[in-house]
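Read the structure below first, then the notes.
Where a number appears in this text, it was derived from the coordinates with a stated rule and is not lab data. Quantities reported herein were computed from a predicted structural model and do not represent experimental measurements. Cβ placement follows ideal geometry from the backbone for every residue including glycine, while neighbour counts extend to all protein chains displayed.
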Amino acid sequence: AFEITDFDASGYVVWDQMGFIGTFTGWSREHFMTRFSQENNHIWHLDVDVARSSENYHCGKFRANGSFDNLWNNYIGKEWETPFGSMTRSIEHDVNIYFDMSPASYRVVFNDITGHYILRRK
């Protein structure tokens, strides 16, 4: 038997902004994400168009309130064919999300509590 209980998110920071930044922005400007809803204020989403990369890849990361002090890093590392995974909030390691260099439109979803993300081609 199992039981489903409500998750208590009251001990977690509710960020003012969540951004997605990377090679596709020249690391200079970020795309700001939107909260899924006021009730789900730790889940963020973004639709973004990405141009062809001059490298053999694109990479990026999530950061809160426009600061590299509020940064999530990829657990997996360079898994080129995996457009989803888990990240941890840390500035001690600098591991990006890596994805295809081809131009594409993506729906990006990120959970700032669990660190789970997905980049889905539209």
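The figures follow:
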{"quantity": "Cα-based Rg / Dmax (Å) for the chain", "calculated": "14.7, 53"}
{"quantity": "Charge dipole (debye, nearest 20) of the chain; +1 at Cβ of Lys and Arg, -1 at Cβ of Asp and Glu", "calculated": "460 debye"}
{"quantity": "Contour excess over end-to-end distance, with Cα ends at Tyr12 and Ser67 and 0.36 nm allotted per residue", "calculated": "18.0 nm"}
{"quantity": "Peptides ranked, highest mean first, by Cβ atoms within 10 Å: ranges 107-119, 1-13", "calculated": "107-119, 1-13"}
